[in-house]
1. Provide the three semi-axes, in whole Å and in decreasing order, of the ellipsoid equivalent to region 166-320 as defined by the square roots of 5 times the Cα gyration tensor eigenvalues.
2. Tally Lys/Arg at +1 and Asp/Glu at -1 over every other residue whose Cβ is under 12 Å from the Cβ of Val139; what's the total?
3. Quick one: check the C-alpha center-to-center distance for region 128-158 versus region 2-41, whole angstrom.
4. Computed over the Cα atoms of the chain, what is the convex hull's projected area averaged over all directions, in nm²?
5. Anyone know which of Ala317, Ala21, Ala81 comes out most mobile in the 10 Å Cα GNM of the chain?
6. Kindly provide the helix-only [θ] at 222 nm of the chain, computed as the sum of -39,500 (n - 2.57) over DSSP H runs of four or more divided by all residues, to the nearest 500 deg cm²/dmol?
7. Evaluate the relative contact order of the chain (contact order divided by residue number), counting alpha-carbon pairs under 8 angstrom at least 6 apart; express in whole percent.
8. Is any helix in the chain, taking whole DSSP H runs, at least 30 angstrom long along its axis by alpha carbon and on average at least -1.0 on the Kyte-Doolittle scale, and which ones?
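The values are calculated or read from the model by the stated rules, or taken from the named source; none is laboratory data. None of the values given here were measured: they were computed from a predicted structure. Ideal geometry is used to build each Cβ from the backbone, glycine not excepted, and the neighbour counts take in all protein chains shown. Quick note on the areas: whole protein, heavy atoms, side chains included, nothing else; ligands and nucleic acids left out. Shrake-Rupley method; radii C 1.70, N 1.55, O 1.52, S 1.80 Å.
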Amino acid sequence: MRGLPASCYLDAARAPLEYSAIFAPSWQFVCHASDLPASGTAVRFDCGGRSAVVLRTKAGGLHAFRNACRHRGARLVEGDANTGLAFCIDGRLRCPYHGWTYEESGALAGIPAGQQFDAFDAAAHSLHPLHVAQWRGLVFVAFETPRLAVEQVLDSVAGAWPDLASMRRVIEPRSTPCAADWKLACEHTLDTAHFDIARPVPKPRLFGPPVFEQGGSEALRATADVATGAVGDTWSSRMYRQLLAGKQPASAHAEYVYLWPNLLLQLAPDGLSILQVLPGATGHSTFRELRYATPDSSREMRLLRYTHQRVRRQALAVDTRILARVQQGLAGLDAAETGPIATGEAGLRWFADCCRAHLSAPAKKPGKLTLRGGRRRKTSPPVAAAH
């Protein structure tokens, strides 16, 4: 099997197609439910040139909208620079540009006095709703009609995972720029052959190469055992293994789920690690990293989490350098040139197949989604379940 041609990582004209065919109808991780603890709390999420806002309602549910005022398009919510979190007074969204105000249902609530319009229909200027769903405490949004409900996708590969709702954020979200195309960055998270080879600096790790299994058209699953001493071993990785041996059985391992197109979830003995690749301009992307864990303030667990995050930070620094080197090298190849994918690289083969399938499929006309009476209603075509 051959990989994607070099032009897929270099051609700027492909970006709009990828945004509409791949990212718009896909489930994108936004935050954990605990990040939106009370009515009026909200979070901004940006992906593929689009912005969403997810709002906790008075009834405890979640509503999601395009993060754009229906007047002149100003972004409604900025939120914290790192987390995107914000608080909306009285659960209302207020435009900072001209003061238009929206209810938690998205309905236009008010316009400042003095702004008059001819034949104005307030009902036609509600916020554009988006698809929002939760899976075991994780919050996802889709900008257009998803192909499947998020429960269908994740239950098929992670049905045995515990409920993650009791977890809480243990690090501030980190965004790391990467001078490589988003597809290249995603493939790197699925590539296992580079673990003991990549130079100039070997990548430290806590677990061995994950063994990916075919999970379906939208997700993969994998497992990995705790790594033994190897090239690239560091003090942090050795300390993590030592601490884990005293707290967990020797057979402790990590479980992975890769959610198409750009999300890797790792469930380890010390918590859940999330790595999301956000597309940027051609040849550029961003790694978004978050970690959640069940509350445990014991010294051993705090050390486990500290050393785990230290290794992940070191490994990501190595990854970004390698990926920049690959992106630069691709520029020297012919546009149609491809390389072979090894038979044992199930993850890479799956990713290449998914890219070809989604980019060759005819464009799907998005269904219209409306919010009435605080509840989500769907119109043709059918919309994946949302909560």
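1. Values: eigenvalues 116, 61, 52 Å².
Working through the eigenvalues yields semi-axes of 24, 18, 16 Å.
2. Numbers: positive: Arg56, Arg136; negative: Asp35.
Overall, the nearby charge balance is +1.
3. Measuring centre to centre over Cα atoms gives 13 Å.
4. On the way: hull surface 81.5 nm².
Over every viewing direction, the Cα hull of the chain projects on average to 20.4 nm².
5. Ala81
6. Numbers: 7 runs with 86 residues, N = 387.
Using -39500 (n - 2.57) per qualifying helix, the result is -7000 deg cm²/dmol.
7. On the way: 749 pairs, mean separation 84.7, N = 387.
Relative contact order for the chain comes out at 22 percent.
8. Numbers: long enough: 299-330 (46 Å, -0.62).
Counting only whole DSSP H runs, the qualifying helices are 299-330.
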